[in-house]
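Here's the structure, in structure tokens; my notes come after.
Read-outs throughout are calculated quantities, based only on the coordinates presented, and are distinct from any laboratory measurement. Model, not experiment: these values are computed from the prediction. Positions of Cβ are backbone-derived with ideal geometry, glycine not excepted, and every protein chain shown enters the neighbour counts.
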Amino acid sequence: MNVTVEKLRANLPHSKVQEWIKLISITGLSQAVIQGMGLVCGLFIIRILTPQEYAFYTLANTMLGTMMILADCGIGNSVMAQGGKVWQDRQKLGVVLATGLELRKKLAVVSFLVVAPLLAMLLLQHGASPLNTGLILMALIPAFMAGLSDTILEVVPKLTQQIVPLQRNQTLVSINRLVLAVGALILCPWTYVAMLANGLPRVYGNQKLRKIAYAMADENQKPDPIVRQQMFKTIKRVLPENIYFCLSGQLTIWLTSIFGTTMALASLGAIGRIGMVISLFSTLFSTLFTPRFARLPAQKPQLFTYAISTLIGTNVLVLGMMLMIWFFSTELLWILGEQYQGLEEEMILSVFNSCLSFVLGCFFSLNVSRGWIINPIGYILISVSTTVLSMWIFDVSTLTGVLQFNTVVLSVQTASLLAYCLYRIHKI
């Protein structure tokens with residue numbers, strides 16, 4: 001009788017609401033702390049580095065992100081999709097992890113060999129010495145190596161909703177990063193030191209994350225050919241889109257690096273730091289909402305309600321964010337430092353682009369978590385057409401023009417992924 005009562009209570013809407021409030025409160029509070037420390041660390045780096053060094057830092061961080069995207073090629077989302085089917089089976093979940101990690105390591109070598117020379121060329125073009133260029137490239141390695149596995153290992157606690165250990169580990173990494181960055185950069189205000197301060201705490205946190213993940217998955221499992229084949233299907237479809245995303249997603253940096261000045265590149269990186277506030281909600285979404293969407297049964301009403309709720313929620317969030325930035329634009333630029341004063345319009349555009357990227361990322365993760373991969377040829381054709389048209393309309397040699405160009409491209413890409421999500425739900 002007691003068991004029946006407990007089951008009934010668990011199914012009550014009130015209980016579901018309480019569960020969501022608890023999860024969002026725990027995750028939101030910890031992410032606020034994590035992102036807050038990340039913001040403080042980022043602002044400290046902006047103020048302590050010279051504009052030229054910060055331009056190098058912007059390039060290095062951008063290329064690190066590019067390497068991670070190429071090394072992933074949909075593997076992380078494929079692990080989420082495959083893991084969502086077997087998340088209650090410890091051995092099968094271990095097989096999925098082992099297969100995903102094996103594939104990621106192989107792609108990592110190719111990714112580094114492709115991107116590292118390109119980063120070196122851009123650094124030298126903007127005045128970095130050969131020695132400084134080499135040090136920056138070596139300083140990228142710890143963060144890159146840690147990033148190869150941490151996003152896959154995080155799938156396990158996200159699927160099983162073991163949020164507290166995951167958040168505790170992320171908080172510890174953020175604290176170590178802030179302490180190391182402040183201590184090291186006061187003595188040595190150089191880009192490669194800032195990159196090491198970012199990477200070394202991630203290596204430490206990665207070791208802790210392995211213990212969290214393998215408490216719920218079997219570490220002794222080997223890669224499975226069948227699972228690998230299923231992942232390859234996702235990779236083959238996602239690879240063209242990922243390559244295009246590496247080019248288009250960082251196109252503002254590419255264009256500014258090629259056509260703009262070193263100061264414009266530093267300004268783009270600095271005002272972009274304000275938009276990083278939205279990453280709090282990106283992490284919240286990927287931790288709580290995407291795994292639950294992956295676990296939903298293939299029933300049209302539930303999936304449609306979830307997708308529409310996501311659309312409404314993200315739009316309300318973006319509106320609130322933009323109002324705040326508009327009201328406090330002058331004060332926010334003061335925080336960045338006197339080198340970046342007078343960039344109110346550019347900062348508002350930059351933050352709006354960050355918000356669009358957030359919405360784009362939400363629907364991309366929802367789609368891929370269900371194994372819904374948009375036709376890459378059609379998606380890329382639409383995006384390339386928009387890119388070419390926007391480059392013809394806007395003056396991409398200026399900071400404002402580059403940001404306006406990016407707004408149009410992101411808007412079209414977001415609308416495409418939203419439409420595809422609703423289309424796949426409709427086809428069920």
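General observations
- Given LYS106/LYS222; LYS92/LYS427; LYS85/LYS236; LYS85/LYS300; LYS158/LYS236; LYS211/LYS236, the pairs whose alpha carbons are separated by over 23 Å: LYS92/LYS427; LYS158/LYS236; LYS211/LYS236
- Counting only alpha carbon atoms, the long axis of helix 262-275 and the longest principal axis of the chain meet at about 30°.
- Mean Cβ neighbour count within 10 Å, used as a protection proxy, ranking 293-302, 82-91 highest first: 82-91, 293-302
- Phi to ³J(HN,Hα) by Karplus 6.51 cos²θ - 1.76 cosθ + 1.60 over segment 87-97, Hz, x for Gly, Pro: 4, 8, 10, 4, 5, 5, 5, x, 5, 4, 4
- With an a/c value of 1.5 or above and a/b larger than b/c for the gyration tensor axes a ≥ b ≥ c computed over the alpha-carbon atoms, segment 79-139 is described as prolate.
- Ordering ALA55, LEU70, LEU317 by the projection of their Cα atoms onto the charge dipole of segment 19-426, which places +1 on the Cβ of Lys and Arg and -1 on the Cβ of Asp and Glu, puts LEU70 at the extreme positive end.
- Whole-number D in µm²/s for the chain (Stokes-Einstein; Kirkwood sum over Cα pairs; 20 °C, 1.002 mPa s): 95
- Bins of 5 Å, starting at 0 and running to the largest distance - Cα pair percent for segment 298-428: 2, 10, 16, 18, 16, 15, 11, 7, 4, 1, 0, 0
- Rg over Rh [alpha-carbon atoms, Kirkwood Rh] for segment 52-153: 1.11
- A helix-only calculation puts the chain at -29000 deg cm²/dmol for mean residue ellipticity at 222 nm, using -39500 (n - 2.57) for each DSSP H run of at least four residues, averaged over all residues.
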